[in-house]
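The structure under discussion appears below in the form of structure tokens.
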């Protein structure tokens, strides 16, 4: 298989996933009608379902997958730890907790600014970075994951406490916290675009120094880069991306683990090539999982987070069971 | 072969072993560690005090003399109702679940020689909860929750072992397998909760956070019996488990059947966890913290079984009391209190020290 073919496969999969997400759903719309609506004909109702319900959902799912996949790849390159993942390390949980707090103080998920989620994610990132700088933990991927799981558990308990205090907030948080892209609308999607654009710019400037940081701190310094600055920028980008994704879809675990894992399997360890492959793989995964979540128990829906957990946990096992923990 | 009889063995009555009492009856003898006895007595006293407070305090505060009168079957009908019908079963549930979780924790930590290897962390709690919720919301087989929780606990352990491959309970692979199993079980619980009507989901809610409010009398009785048997079994396993702390060749050479001891200890810990989850839901952090505290307080090198169990009961009672009082009239489930109090400690443990039990 030539390199070009290997790189094209994920894009093909993304196209398939997007088509499936538009054509199939929990409703009673047959896929033939959806297809004819897609090419500009068909019934008024079918067009409405397609353009106003499924298309924004597809866009949101794709954005979430993109953001989480790229954030996972960056975090793994930064900590040099193949298990580092926003969901597992408590970054998503920090973001989710911030959002729950905001809901408690009167914001509703509809008016929720992405900023709250990003602030929470930034706090989570800072914790992770502090933990990796501690003696001994940085070299031990699994211990970092356990610490992340503990932080997640702590924040989840705090969230349950908030839900206990305020019944109205509880109702809103309950559906959001399982992770779902159902019923999202265009204006929510637009709200995340500025931070995504900013993240893209920062990634493009920091990507070469980050690749050199993979060779070790000393090498990077010898090449004229400043490791502290690189770390800070990458952490900011991760917070931007994870915050945007969490504000859109709630905390999703394992997406940031599975996507870079697949990308590395195709492209090797270089962070630049991995990132390029994360672009199609992340959206494809989330869109596909979302389509599944609509079809499995139709006419009702599963939370998206359930599907990603069911997909991600086995991948976690595969990584851990590898004879030698891959080092980055 | 020569037998040297120059120096006669010291008269038995004079023998003293520092820090111990030596009880003898014929050819049977028993060494009792004085420090352990003192520790357990202190713990019992504290537990009694906290329990009395737990009976007296709440949304309706009852003065202590009234409480005691109600316990003896006297007193006004209202206090009798509150104390003996509402608070006493709850207190008992706290005692037995706390003790069971802690005992399960200390046994598993010792066998795995890893302080992190507690039932909650390796996913047993979550799996037991998933199975129990399955029986509560009525999907799948309609076995009673305790039986289902036990099945779930056993399945999770078997899975963790199978996935960890040949490394056994040592090493991180076992634990991370458990984390994955816990994640999948949590997801399955959510699937079931989202697939049923709201009433059924609300009925199953206490199971997902861990609460003493949801206990069923049958499950409680079953757990009490299980705890009694489990405690005796753990006492019997104390010596072989202590020998297992030595390197594997040494313990084998000393004549310990390591495989059987491990299996028995693991089965014991799974049994206790499953039964306790069936009563109170996943309150797994007690299993981590109670043994830690007990180990801190007792003689190094000893396996503090009784102290762990007492501390578990104590932690559970205190947490439940705190949950009832802090936001009164709202009630915080005990699982949330233990998570809030226990997680920072677990973090500290993870980030600061080598998690190996051998200090």
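Before moving on, here are some points about what is shown:
- Filtered residues of the range A:272-290 (kept if closer than 24 Å to residue A:211 by Cα and surrounded by fewer than 24 Cβ atoms within 10 Å (Cβ to Cβ)): A:272, A:273, A:275, A:276, A:279
- When the range B:145-159 is limited to residues that are at pLDDT 80 or above and buried (at least 23 other Cβ atoms within 10 Å of the Cβ), the one that is farthest from the other protein chains (Cβ to nearest Cβ) turns out to be B:150.
- If you filter the range B:309-336 down to residues that are farther than 23 Å from residue B:106 by Cβ and surrounded by 20 or more Cβ atoms within 10 Å (Cβ to Cβ), you find that the one that is nearest to the other protein chains (Cβ to nearest Cβ) is B:336.
- Yes/no for residue A:46 being more than 16 Å from residue A:287 (Cβ to Cβ) and assigned to a helix (DSSP H, G or I): yes
- Qualifying residue in the range B:82-104 (condition: surrounded by 15 or more Cβ atoms within 10 Å (Cβ to Cβ) and over 20 Å from residue B:313 (Cβ atoms)): yes
- Only one of the listed residues (A:295, A:304, A:310) is in contact (Cβ under 8 Å) with a residue 60 or more places away in the chain and within 28 Å of residue A:120 (Cα to Cα). That residue is A:304.
- Flag if residue A:174 is surrounded by fewer than 18 Cβ atoms within 10 Å (Cβ to Cβ) and either more than 7 Å from chain B (Cβ to nearest Cβ) or assigned to a helix (DSSP H, G or I) (or both): yes
- Members of the range A:78-87 that are surrounded by 24 or more Cβ atoms within 10 Å (Cβ to Cβ) and under 17 Å from residue A:272 (Cβ atoms): A:78
- Here residue B:246 meets each of (1) away from every other protein chain (no Cβ under 11 Å); (2) in contact with a helix residue (DSSP H, G or I) (Cβ under 7 Å, 6 or more places away or on another chain) with one exception, condition (2).
- So residue B:36, is it within 22 Å of the chain's Cα centre (by Cα), modelled with pLDDT under 85 and farther than 30 Å from residue B:86 by Cβ: yes
- Screening residue B:288 with (1) within 14 Å of chain A (Cβ to nearest Cβ); (2) farther than 25 Å from residue B:222 by Cα; (3) at pLDDT 85 or above gives one miss only, at (2).
- Top-ranked residue of the range A:224-271 - restricted to ones that are surrounded by 24 or more Cβ atoms within 10 Å (Cβ to Cβ) and at positive phi, ranked as modelled with the lowest pLDDT: A:250
- Set side by side, the residues B:273, B:306 differ, and just one is at pLDDT 85 or above, surrounded by fewer than 24 Cβ atoms within 10 Å (Cβ to Cβ) and either more than 9 Å from every other protein chain (Cβ to nearest Cβ) or over 20 Å from residue B:182 (Cα atoms) (or both), which is B:306.
- The single condition from (1) more than 14 Å from chain B (Cβ to nearest Cβ); (2) within 30 Å of residue B:122 (Cβ to Cβ) that residue A:274 fails is (2).
- Residue, modelled with the lowest pLDDT, within the range A:309-328, restricted to residues that are at the interface with another protein chain (Cβ under 7 Å from one of its Cβ atoms) and closer than 22 Å to residue A:252 by Cβ: A:320
- Out of A:143, A:168, sole residue that is in contact with a helix residue (DSSP H, G or I) (Cβ under 7 Å, 6 or more places away or on another chain), modelled with pLDDT under 75 and either more than 10 Å from chain B (Cβ to nearest Cβ) or surrounded by 18 or more Cβ atoms within 10 Å (Cβ to Cβ) (or both): A:143
- Filter result for residue A:295 (surrounded by fewer than 16 Cβ atoms within 10 Å (Cβ to Cβ) and under 18 Å from residue A:182 (Cα atoms)): yes
- Residue count for the range B:25-44, restricted to those that are without any contact (Cβ under 8 Å) to a residue 12 or more places away in the chain, over 17 Å from residue B:294 (Cα atoms) and surrounded by 10 or more Cβ atoms within 10 Å (Cβ to Cβ): 2
- Residue A:72 being closer than 30 Å to residue A:131 by Cα and touching a residue at least 24 places away in the same chain (Cβ under 8 Å): yes
- Filter result for the condition that a residue is assigned to a helix (DSSP H, G or I) and within 14 Å of another protein chain (Cβ to nearest Cβ), over A:192, A:159, A:205: A:159
- Against the criterion of being within 18 Å of the chain's Cα centre (by Cα), within 11 Å of another protein chain (Cβ to nearest Cβ) and in contact (Cβ under 8 Å) with a residue 24 or more places away in the chain, residue B:179 does not qualify.
- Residue B:103 vs. criteria within 25 Å of residue B:304 (Cα to Cα), touching a helix residue (DSSP H, G or I) at 6+ places or on another chain (Cβ under 6 Å) and not in a loop (DSSP other than H, G, I, E, B): yes
- Qualifying residue in the range A:175-186 (condition: in contact with a helix residue (DSSP H, G or I) (Cβ under 6 Å, 6 or more places away or on another chain) and under 24 Å from residue A:230 (Cα atoms)): no
So that you can scan it fast, the table gives a plain yes or no per residue for (1) closer than 28 Å to residue A:149 by Cβ; (2) in contact with a strand residue (DSSP E or B) (Cβ under 8 Å, 6 or more places away or on another chain):
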site	(1), (2)
B:222	no, no
B:227	no, no
B:231	no, no
B:240	no, no
B:252	no, no
B:265	yes, no
B:274	yes, no
B:299	no, yes
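- Residue A:314 fulfils the conditions (1) under 25 Å from residue A:6 (Cα atoms); (2) in contact with a helix residue (DSSP H, G or I) (Cβ under 7 Å, 6 or more places away or on another chain) except for a single criterion, (2).
- Some residue of the range A:96-111 being touching a residue at least 24 places away in the same chain (Cβ under 8 Å), under 25 Å from residue A:274 (Cβ atoms), buried (at least 24 other Cβ atoms within 10 Å of the Cβ) and in contact with a helix residue (DSSP H, G or I) (Cβ under 8 Å, 6 or more places away or on another chain): no
- The condition of being more than 14 Å from chain A (Cβ to nearest Cβ) and in contact (Cβ under 8 Å) with a residue 40 or more places away in the chain holds for only one of B:264, B:339, B:297, that being B:297.
The values are calculated or read from the model by the stated rules, or taken from the named source; none is laboratory data. Only a predicted model underlies this, so the values are computations on that prediction, with no experimental measurement involved. All Cβ positions, even for glycine, are placed from backbone atoms using ideal geometry, and neighbour counts span all protein chains on display.
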